[in-house]
1. Looking at the stretch 31-54, which of its residues are modelled with pLDDT under 80 and surrounded by 10 or more Cβ atoms within 10 Å (Cβ to Cβ)?
2. Among the residues of the stretch 5-30, write down those that are modelled with pLDDT under 75 and more than 15 Å from ILE57 (Cβ to Cβ).
Amino acid sequence: MDMPTPEGMIPTRDVSNRETLARIAQVLGCSVECFFEPSDAVYSKDAARLIQTWLAIRSPKARNAVFAFACEMLRADKGKSTRAAG
């Protein structure tokens, strides 16, 4: 799925790779270190698609809705793993 990069995320010549990565992490609300966690190929492909989709959503209201949904899914997933362990 090819999507254009939002204008605010297009790096300029004077921006280092680390600064660009920091800006992406800030937009996604995560730390830079999360990009360096080991993962398998499927996870990386899914993560890339998720980031592209997130960046394509221009409406702050829509992004908030997607983020709220993701948080609920995480809570439900953590609840399942807690119940399974107990």
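The values are calculated or read from the model by the stated rules, or taken from the named source; none is laboratory data. In this text the structure is predicted, and so the values were computed from the model without any measurement. With ideal geometry, Cβ positions are generated from the backbone for all residues, glycine too; neighbour counts draw on all protein chains shown.
1. Of everything in the stretch 31-54, those that are modelled with pLDDT under 80 and surrounded by 10 or more Cβ atoms within 10 Å (Cβ to Cβ) turn out to be CYS34, PHE35, SER39, TYR43, SER44, LYS45.
2. Hits for the stretch 5-30 are ILE10, PRO11, THR12, ARG13, ASP14, VAL15, SER16.
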